[in-house]
1. Name the residue farthest towards the positive end of the dipole of segment 3-88 from the options I7, I38, A54, assuming +1 on Cβ of Lys and Arg, -1 on Cβ of Asp and Glu, about the Cα centre.
2. Using the Karplus equation 6.51 cos²θ - 1.76 cosθ + 1.60 (θ = phi - 60°), what ³J(HN,Hα) coupling, rounded to whole Hz, does each residue of segment 49-64 give in order, writing x for Gly and Pro?
3. Can you tell me which of 71-80, 42-51 comes out highest on packing, and rank the rest after it, using the mean Cβ neighbours within 10 Å?
4. Stretch L85-D26 to full length: gain in nm at 0.36 nm per residue minus the Cα-Cα span?
5. Test of understanding: ordering D66, D13 by Cβ neighbours within 10 Å, fewest first, what list do you get?
6. What is the percent of Cα-Cα separations in segment 3-88 that go past 17 Å?
Amino acid sequence: MAHWMSIEVFDGDYYPAASWADAFGDRLAETAITGGAIDWHWQPTTWGIVFEVAFEDEEAWERFRDSIAVRAALEAVPNPVNGVLVYKGRGGSAGATRGRKPKPMAGSGAAALPVPVDDWVFEALVPHTATTAAKTAVG
């Protein structure tokens, strides 16, 4: 079973995460492949970029994470204080492996019917003199 790990890098104030990926992406992919990665993927997001990599076991991930190339790349992210996350699993907006179940409809799912407006409601809102004038003008 593959163990997916992710390195998520956020855009910085002075340069975007895509520039970081251009500078360090080939070295990260090479280090992952030579370290036993079985799959890897770059996922661009609206807030940065995610490097997803899968290993056969967590020990291979630890060796990859402790390599000089990965440490150098992590130290050079656009925002080194709040701009990088390293975690287990696929990153970014990977979501669930199954689709969501649809929510049940409220009630029977039918649309509400309009409320009928009676003449007495209209007469209560309009002054009596206006309705009397309207009736005499029409009739």
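1. The residue sitting farthest along the positive end of the dipole is I7.
2. Running phi through 6.51 cos²θ - 1.76 cosθ + 1.60 with θ = phi - 60° gives 8, 10, 9, 9, 9, 10, 10, 5, 9, 6, 5, 5, 5, 4, 5, 4 Hz.
3. Working: 71-80: 15.1, 42-51: 17.2.
The densest-packed peptide leads the list: 42-51, 71-80.
4. Numbers: separation 59, 0.36 × 59 = 21.24 nm, distance 1.94 nm.
Gain on stretching L85 to D26: 19.3 nm.
5. Working: D66 10, D13 7.
Result, fewest neighbours first: D13, D66.
6. Working: 1471 of 3655 pairs.
That tail contains 40 percent of the Cα-Cα pairs.
Here, each number is a calculation from the coordinates, and none is a lab measurement. Because the structure is predicted, anything quoted here is derived from the model rather than measured. Please note: Cβ atoms are built from the backbone with ideal geometry, for glycine as well, and neighbour counts cover all protein chains shown.
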